[in-house]
1. Taking only DSSP H segments of four or more residues, each worth -39500 (n - 2.57), what value at 222 nm results for the chain once the sum is divided by all its residues, to the nearest 500 deg cm²/dmol?
2. With bins 10 Å wide starting at 0, give me the P(r) of the chain over every alpha carbon pair, in whole percents.
3. What dipole magnitude, in Debye to the nearest 20, does the chain give about its Cα centre under +1 on Lys/Arg Cβ and -1 on Asp/Glu Cβ?
4. May I ask for the distance between the Cα centers of the range 33-61 and the range 70-121, given as a whole number of Å?
5. Springs between alpha-carbon pairs under 10 angstrom, Gaussian network model over the chain: which of 47, 118, 80 fluctuates most?
6. Given labels modelled 7 Å from the Cα in the Cβ direction, how far is it in nm from residue 6 to residue 87?
7. Take every Cα pair under 8 Å in the chain that's 6+ residues apart, average their separations, divide by the length, and report that relative contact order as a whole percent.
8. On the first, second and third principal axes, largest extent first, how far apart are the outermost C-alpha atoms of the range 4-71 in Å?
Amino acid sequence: MPFDYDLDYSSLDLRKQPELYRVGRGEQGVLLVEPYKSEILPHWRFKTPEIAKESADKICELFEEYRKHDDFVGMDMARKFIQMGYTRARRYANHKSGQKYHEDGTVRERDIDPVKAKSAQIFKERWDVIREDEDYSKRKKAHQKAYG
């Protein structure tokens with residue numbers, strides 16, 4: 001099932017109601033789902049490779065804490081922040097303004113920023129590890145089977 005954008009996430013605690021959580025595609029809902037957004041977002045940064053490494057380390061630490069507490073929703077939200085670290089750093093690595101398109105809809109020429117590219121790589125490596133994590137995959141399938 002797709003991510004449900006119709007829920008009032010501002011009033012929900014999906015730690016207490018994990019049955020309402022839908023994985024969705026990619027990063028859907030990453031800035032909505034509480035309490036995870038408030039727990040993870042303060043650590044999410046990618047300005048330099050050093051900052052990106054510290055950020056990715058902390059988010060992966062939270063991923064493992066969620067796993068330890070059998071909290072799949074938290075694990076998936078940490079995964080989404082790791083994925084978003086990659087995609088956002090990559091966007092800024094390709095386009096200094098962060099905007100891929102001109103106002104007329106044409107694609108801007110890439111102006112590669114090697115610092116942001118390194119930040120993106122740090123998050124990409126972590127994202128690849130999570131995607132290959134068998135325990136995470138099993139939990140994801142079980143959650144989707146149980147709740148959609």
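Every number in this text was worked out from the coordinates using simple rules, so none of it is lab data. Predicted model only: the values in this text are computed from it and were never measured. As a convention, Cβ positions derive from the backbone with ideal geometry for all residues, glycine included, and neighbour counts pool all protein chains shown.
1. -18000 deg cm²/dmol
2. 12, 38, 31, 16, 2
3. Dipole size: approximately 400 debye.
4. 14
5. For the chain, modelled as a Gaussian network with Cα springs under 10 Å, the answer is 47.
6. In this crude label model, residue 6 to residue 87 measures out at 2.3 nm.
7. Details: 208 pairs, mean separation 36.9, N = 148.
Once normalised by length, the contact order is 25 percent.
8. 37, 25, 21
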